[in-house]
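Inspection log for the structure reproduced underneath, given as structure tokens.
The values are calculated or read from the model by the stated rules, or taken from the named source; none is laboratory data. None of these values were measured; they are calculated from a predicted model. With ideal geometry, Cβ positions are generated from the backbone for all residues, glycine too; neighbour counts draw on all protein chains shown.
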Amino acid sequence: MRRVVVTEYNPMWPVMFEAEAAEIKKIFGHELIAIHHIGSTSVPGMKAKPIIDIMPVVRDINAVDKFNDKMIELGYEPMGEFGLPGRRYFRKGGDNRTHHVHIYQFDNTTEVERHLAFRDYLREHKDAAEEYGKLKEKLAKRFPDDIEAYMDGKDQFVKELEHKALKWYREKSKYGSQS
């Protein structure tokens, strides 16, 4: 059974991302355009489930399937689109999940931008990151054995935050960053 656990931020998460990203780069080679650390473990100081979310961006999403055997060798379970058309999803670690890989084609700007906007917004808005971390911690304590209830409990907050993040991200891109 998969337990829902939310922990304090671990400064090793970016290191774990870099190590896994290096292996994924070897597998996908020239098909890979970019690779991003996304999700809560990519936000310094934020409480999170200790699962590294990785978003490779590729030239051709259909070419990803030919790399399934190599991903299996790296310990991943290929899940296909897993409910999101235009994505290829892989998970590692079974019930004790360690990594999720969400692959998108370069021109799937809706999904790529959504993930990057959410991450960048939380990195720049510490109050939102803290509020989201507290919500996740509360839900994990309330639903330690029910990942669906945990996810449902976050859903409305995430949708609202995502809306704010996309608006902020697009404004920032439109006018350029001062940082």
Does Arg91 fit the bill of being in a strand (DSSP E or B) and of a type in the set (D, E, K, R)?
yes
The one condition Lys172 fails out of (1) more than 26 Å from Val15 (Cβ to Cβ); (2) at pLDDT 95 or above; (3) assigned to a helix (DSSP H, G or I); (4) of a type outside the set (Gly, Ala, Ser) is (2)
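Could you tell me which of the residues Phe82, Phe67 is free of Cβ contacts under 8 Å to residues at least 12 places away in the same chain and either surrounded by 14 or more Cβ atoms within 10 Å (Cβ to Cβ) or assigned to a loop (DSSP other than H, G, I, E, B) (or both)?
On the way: Phe67 fails: free of Cβ contacts under 8 Å to residues at least 12 places away in the same chain.
Just a single option satisfies the conditions, and that option is Phe82.
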Search result, residues across region 36-56 that are free of Cβ contacts under 8 Å to residues at least 60 places away in the same chain, surrounded by 21 or more Cβ atoms within 10 Å (Cβ to Cβ) and out of contact with any Gly (no Cβ under 8 Å at 6 or more places or on another chain)
Thr41, Ile54, Pro56
